[in-house]
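A.B. asks: Pasting a structure below so you can have a look.
Readers should treat all values here as calculations from the given coordinates under stated rules, not as data from a laboratory. Predicted model only: the values in this text are computed from it and were never measured. Neighbour counts are summed over all protein chains in view; Cβ atoms, including those assigned to glycine, are modelled from backbone coordinates with ideal geometry.
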Amino acid sequence: MIAGRALLKDYPFYRLNRLLAGLQAGTPSPAMQAAGIHEPLMMSLGEPQNGPPAFIRGIIDQSFDLWGRYPPSNGSVALRQAIVDNLNRRYHLPTGWLGERQNILPMPGIREGLFLIALAAVEGVEAGEAPYVLIPNPFYQPYGAGAVYAGGRGVFLSASPANGFLPDYAGLDPAILRRTQLAYVCNPGNPHGAVAPRAYLHQLLELAIRYNFLLVVDECYAEIYPDQPPISMLQICAERGDDSLNQVAVFQTLSKRSSVPGLRSGFMAAGELMTQEMVRLISHGGNYVQGPVSEASILLWQDEGHVEANRALYRENLAIAAEVFAGYGGFHPVQAGFFLWLAVGDDEDFARRLWQEAGIKVLPGRYLGRSDSDPLTGQDLPNPGEGFVRIALVHPPSITRPALHRIAELLGC
Ligand SMILES: Cc1ncc(COP(=O)(O)O)c(C=O)c1O
């Protein structure tokens, strides 16, 4: 359970900075230096390193005049339509099923939206009676912040090797589900890269309908996969052919797909009422996609070539990881995304050693998860991130290979 707002001070990257403060970074290995790495290597942050697609450069200039106008709070029609077209194409959705105005809300990145949706959907009450917000554990931090600021209580569901990193929402006690107003789902999962199968997604949606809570599905890594595209919750809703989209809010972004985390552009796809509710909330206190950014985003959602090129890079990095850690028991194959979630023993200790001995920065897994107590029994539940480190495979393969070999060396494998 979230104890209160004080918990939010513990942002993972601040904790990492504290952990490494005052420690001298080690020298990169000769193989890393031969690959051009002479400074410490950041493998802690999920920031694509391959640069934005060059073809958006001109459109920012051409849209210069738009800096002089406030953008519309629910995005431009052209951007919303480009998003609908992209979703229809990728997921073979029935034409007309998604309405650009009714169901799509462009956002300046999805981080803020994932936080704000809790404010829109959770009706907070006094502590003790607080509604539950289900959160996978480990988790992307805005989920936890959303629960806290909305006056809810986070209930953390472990994603571990024991359950294939797929939290068991359906196994929760009905007493918890009855008090649940919102459930966050991360698919593909950050940090472990698990992809939810179709049956799992169907079951989740069933659960949300039966207990009437909102399913917030973070599909940030939807387009970073080595072979099979992950199934979107939008496909599940469309296959049902009913009004189940009303129970769902799906978030996707250009940040990883198009290597433009600095552009700040993504969207929410949801039922009409929730879309309106979010537009209302954002109009009062949120932010909009800026005009030139919107024009660039349209081009990016229309193009698949650069996305395939990015995928090829991550595919190669994942193959290198599988090769380097073949035979290492702490390695779990990644189904999607670009993170390696490696079991290493004491995660803080290993991150410190890696920094001091190899000049490589990774994130201790415990910073992404938290210990909890069972809401019904009060029984202590351990932090499932402990013992893992998250390694972002965002560098070119020529750098990834020697860096992973150095990590393997330090692990003794
Ligand atoms: C799981 C997950 N969701 C959402 C985001 C945020 O994406 P955006 O850049 O669109 O805010 C991230 C960014 O790292 C992420 O890892």
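A.B. asks: Among 19-28, 135-144, how do they line up from the highest to the lowest mean number of other beta-carbon atoms within 10 Å?
C.D. replies: 135-144, 19-28
A.B. asks: Shifting gears a bit: In a shell of Cβ-Cβ distance under 15 Å around Gly359, excluding Gly359 itself, what net charge do Lys and Arg (+1) and Asp and Glu (-1) give?
C.D. replies: For residues surrounding Gly359, the net value is +1.
A.B. asks: Now a separate question. Apply 1/(1 + (r/R0)^6) to the Cβ-Cβ distance of Leu381 and Ala34, taking R0 = 41 Å, and write down the FRET efficiency to the nearest 0.05.
C.D. replies: Here the calculated transfer efficiency is 0.35.
A.B. asks: In a shell of Cβ-Cβ distance under 10 Å around Glu100, excluding Glu100 itself, what net charge do Lys and Arg (+1) and Asp and Glu (-1) give?
C.D. replies: Around Glu100, the charge tally is +1.
A.B. asks: Taking a virtual spin label 7 Å from the Cα of Gln102 along the C-beta vector, which residues in the range 218-244 bring their backbone nitrogen under 14 Å of it?
C.D. replies: From the range 218-244, the list is 238, 241-244.
A.B. asks: Then there is this: What whole-number distance in Å separates the alpha-carbon centres of the range 135-194 and the range 317-383?
C.D. replies: Measuring centre to centre over Cα atoms gives 18 Å.
A.B. asks: Give me log10 I(q)/I(0) at q = 0.13 Å⁻¹ for the chain, Debye formula, one equal scatterer per alpha-carbon, no solvent.
C.D. replies: The calculated log intensity ratios at q = 0.13 Å⁻¹ are -1.16.
A.B. asks: Pop the C-beta distance of Gln228 and Arg18 into the FRET formula with R0 = 35 Å and round what comes out to the nearest 0.05.
C.D. replies: 0.30
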